[in-house]
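Colleague: I'd like to ask some things about the structure below.
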Amino acid sequence: MRGASFGTGDDLVGPLDVDVRAGEHVAVVCASPHAAAVTARIAAGIVKATAGNVSIGEFDPRVQPAHCKHIAVFVPHAAMPLPEMDFERYIAYRAALWNVDRIRATAHAKLVLARLEGVHEAFAFPLAGALITPATMVVLERPQPAYAAQIVAAVGSRATFTTHLDPATAEPFIADKALRR
Amino acid sequence: MTGRAFAAVVEARTFSQRHTLVYGLVAAGLVGAVQPRGLAAPAFFCSLVGIVAALQQGPGRFPHLDLCEQSAPLFGRELARAKALVPCAIAVIAAAAYCATASLAGWREIPFVFAGTLAAVVPSTLTASCATLRAGAPRRFYLAMAAAASAIVVMTIVWARQPWIAAAFAAIAAFLALRQYGEALARYDPV
C-alpha cells in the first residue's frame, strides 16, 4: 500500500504505507473498529482504496479483484453464526468458492482445526475455511489476542496482515522480523 | 466462476432463506385458494414475494456469507447471477404454489396465467435485487421500478392483450436488471 486511504472527512481511513513480503507478519494498529475493518478489507482486495495505490502481488484490486483474492484471503473479526452451517458443509462451501478439491480441503481443514485446539469454533471455522485456499497471505481483521498462539501456528509460513486497536493486542501476532506500525 | 461455485452460492443462499421460501410457498398457496381468478392477483402477490426475497439478500442480513463471497476470487457479474437466482426461484415456486391451489379451486386458465405470472415476477425480482446495493432515494427508485415492471407486464397482457410484447418487455427488463446488478456488485465496497 502506498498512501492508500478510503472515505472522506471524519470517516477517512489512512493514508497507509505498508509492505508485506512473503512469509512476513505485519500488524497495523488502527484508531477505531471501522478503520480496522476498512484497512483489512483494503489489504484483502475486498474494498478499493479511494486514493493512493494498492498492489496485491502484481495485481491492482481496482482492475483485477479476482486475481488479488487468489493471493490474499480474508478472515473477519465477527464470530461465525454456527447454526448457519456445520463444519463439513462450511468447508465444502469455501472449497467450491475457491475451486479447491473438496476432499483435500476437508482433510486440510481438519488438520488446521486440530492446530486451533482451544479456539472457539465460531472463530476457528472461518480461519480453517481461509487456510484451505491456496492464498499466500492471510488478512485477519482484529483477531482475538487470546488465540494468538494457535492462530500463528495454524497460519504457518504464509504471510499475515492483521489489524488491531492497540499495540498490546498486536504484539502476539508479530514475530521479531515483522514490520509493525 | 465454476459451476461448483455457482451451485455452492445458490445452495448456501437458499438454505439461509429457507424460511422465506416456506412462508412464500404457504402464503401463495393460501392466496391462490381464496383468490383464484385473474392474472393481477398472482402476478402482484408473487412479485411481492420475489421483492421481499431479493431484499433479504442485501448486505448485513447474512454477513458471513457476504464476506465469504466477497473475499472469494469471483467476478461481480458471476456472483450476481448466482445470488439473483435464489429470489427468482423463490418467486417462481410461489407462483407454482399459487397456480396449483387455484387449479384445485376450479380455475382452468392455469398455463396462461402461470406464464404471465413468471413474466411479471422475474423482472420485478431482479430489479429489486439492484435496490439491495443502494440506499435512500436510489433504493426507493429501484423498488418503484420493480413494482412498475410487474404492473407493466400485467397491463400489457390484461388490457392491451399483447402477451408477446409483455414477454419481450419482461426479457429485456430482466436482462438489463441482472446486468445492472452485476455491475453494481462488482463496484460495491462492503463497508
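Each value in this text was obtained by applying a stated rule to the coordinates, not by laboratory testing. Nothing here was measured: the structure is a model prediction, and the numbers come from that model. Note that each Cβ is placed from the backbone with ideal geometry, even for glycine, and that neighbours are counted across all protein chains shown.
Colleague: For region B:51-116, which GluC sites (Glu not before Pro) pass both filters: DSSP loop (anything but H, G, I, E, B) and at most 16 other C-beta atoms within 10 Å?
Modeller: Sites meeting the loop and neighbour criteria: B:GLU109.
Colleague: Two decimals, Cα atoms only, Kirkwood Rh: what is Rg/Rh over chain A?
Modeller: Radius of gyration relative to Kirkwood radius: 0.95.
Colleague: Using per-residue counts of other Cβ atoms within 10 Å, averaged over each peptide, order B:184-191, A:37-44 from highest down.
Modeller: Numbers: B:184-191: 16.9, A:37-44: 27.2.
So the order, starting with the most tightly packed, is A:37-44, B:184-191.
Colleague: Return the average number of partner chain Cβ atoms within 10 angstrom of each residue Cβ along peptide A:148-156.
Modeller: Per residue, the average neighbour count from other chains is 0.
Colleague: Another question about this same structure. Determine the sum of side-chain charges near B:GLY58: Lys and Arg each +1, Asp and Glu each -1, restricted to other residues whose C-beta is under 11 angstrom from that of B:GLY58.
Modeller: Local charge sum for B:GLY58: +3.
Colleague: Label points 7 Å out from Cα along the Cβ direction at B:ALA148 and A:HIS67: separation in nm?
Modeller: 4.0
Colleague: May I ask you to sort B:LEU79, B:LEU21, A:LEU111 by Cβ crowding, counting other Cβ atoms within 10 Å and putting the fewest first?
Modeller: In order of increasing Cβ crowding within 10 Å: A:LEU111, B:LEU21, B:LEU79.
Colleague: Moving to a separate point now. Pairs of Cα atoms under 8 Å, at least six residues apart: use those to get the relative contact order of region A:1-104, whole percent.
Modeller: 22
Colleague: Normalising by the residue count of chain B, find the relative contact order in percent from Cα pairs under 8 Å and 6+ residues apart.
Modeller: That works out to 29 percent.
Colleague: Counting only GluC sites (Glu not before Pro) that sit in a DSSP loop (anything but H, G, I, E, B) with at most 12 other Cβ atoms within 10 Å, what is the longest stretch of chain A containing none of them?
Modeller: A:118-181
Colleague: Determine the shielding of peptide A:95-101 by partner chains: average, over its residues, the number of Cβ atoms on other chains within 10 angstrom of each Cβ.
Modeller: Average per residue, whole number: 6.
Colleague: Something else about it: Please compute the net charge surrounding A:THR8, taking Lys and Arg as +1 and Asp and Glu as -1 over other residues with Cβ under 15 Å from its Cβ.
Modeller: Numbers: positive: A:LYS48; negative: A:ASP10, A:ASP11, B:ASP189.
In short, -2.
Colleague: On to the next question. Give me the base-10 log of I(q)/I(0) for region A:77-123 at each q in 0.30, 0.33 Å⁻¹, Debye formula, one uniform scatterer per Cα, rounded to two decimals.
Modeller: Each listed q corresponds, in turn, to -1.17, -1.19.
Colleague: Would you mind pulling out the separation of the Cα centroids of region B:118-153 and region B:1-34, in Å?
Modeller: Using only Cα atoms to place each centre, the spacing works out to 19 Å.
Colleague: Among the trypsin sites (Lys or Arg not before Pro) in region B:1-44, which ones are in a DSSP loop with at most 16 other Cβ atoms within 10 Å of the Cβ? Mind listing them?
Modeller: Answer in residue order: B:ARG37.
Colleague: Now for a separate question. Would you calculate, for chain A, the mean residue ellipticity at 222 nm contributed by helices, counting each DSSP H stretch of 4 or more residues as -39,500 (n - 2.57) and dividing by all residues, to the nearest 500?
Modeller: Taken over chain A, the calculation gives -10500 deg cm²/dmol.
Colleague: Hey, another quick one. May I ask for the percentage of alpha-carbon pairs in region B:129-179 that lie more than 18 Å from each other?
Modeller: 37
Colleague: Average partner chain C-beta neighbours within 10 Å, per residue of B:63-69? Numbers along the way, then the final one.
Modeller: Working: counts 4, 12, 4, 1, 10, 11, 2.
Whole-number average of other-chain Cβ neighbours for B:63-69 is 6.
Colleague: Further, regarding this structure: With both partners inside region A:2-173, how many of the DSSP beta bridges are antiparallel, as a percent to the nearest 5? Walk me through the numbers on the way to the answer.
Modeller: Details: 5 of 19 bridges.
So the antiparallel bridges in region A:2-173 amount to around 25 percent.
Colleague: On a C-alpha basis, how far is the centre of region A:19-63 from the centre of region A:111-162 in Å? Whole number, if you could?
Modeller: Each part's Cα centre sits 18 Å from the other's.
Colleague: On to the next question. Please list, ordered by chain and number, the residues whose modelled amide H lies under 5 Å from the amide H of A:ALA51; skip anything fewer than 5 residues away on the same chain.
Modeller: When sequence neighbours closer than 5 places are left aside, the close amide H contacts are A:SER5.
Colleague: What is the mean projected area of the alpha carbon convex hull for region A:77-181, to one decimal in square nanometres?
Modeller: Seen from a random direction, the Cα hull of region A:77-181 projects 6.5 nm² on average.
Colleague: Rg (Å, one decimal) plus Dmax (Å, integer) for the alpha carbons of region B:1-118?
Modeller: Over region B:1-118's Cα set, Rg and Dmax evaluate to 15.9, 51 Å.
Colleague: Averaging sequence separations of C-alpha pairs under 8 Å and six or more residues apart, then dividing by the length of region A:2-173, give the relative contact order as a whole percent.
Modeller: Numbers: 301 pairs, mean separation 52.3, N = 172.
Result for region A:2-173 is 30 percent.
Colleague: Just the C-alpha atoms of the protein assembly as shown: what Rg/Rh do they give, with Rh taken as the Kirkwood radius?
Modeller: Looking at the protein assembly as shown, the ratio lands at 1.06.
Colleague: Let me ask another. Per the Kirkwood treatment, what hydrodynamic radius in Å, one decimal, follows for region B:35-79 from the mean inverse distance over all distinct Cα pairs?
Modeller: 12.9
Colleague: Antiparallel versus total DSSP beta bridges in the protein assembly as shown: what percent is that, nearest 5?
Modeller: Antiparallel bridges: around 25 percent, rounded to the nearest 5.
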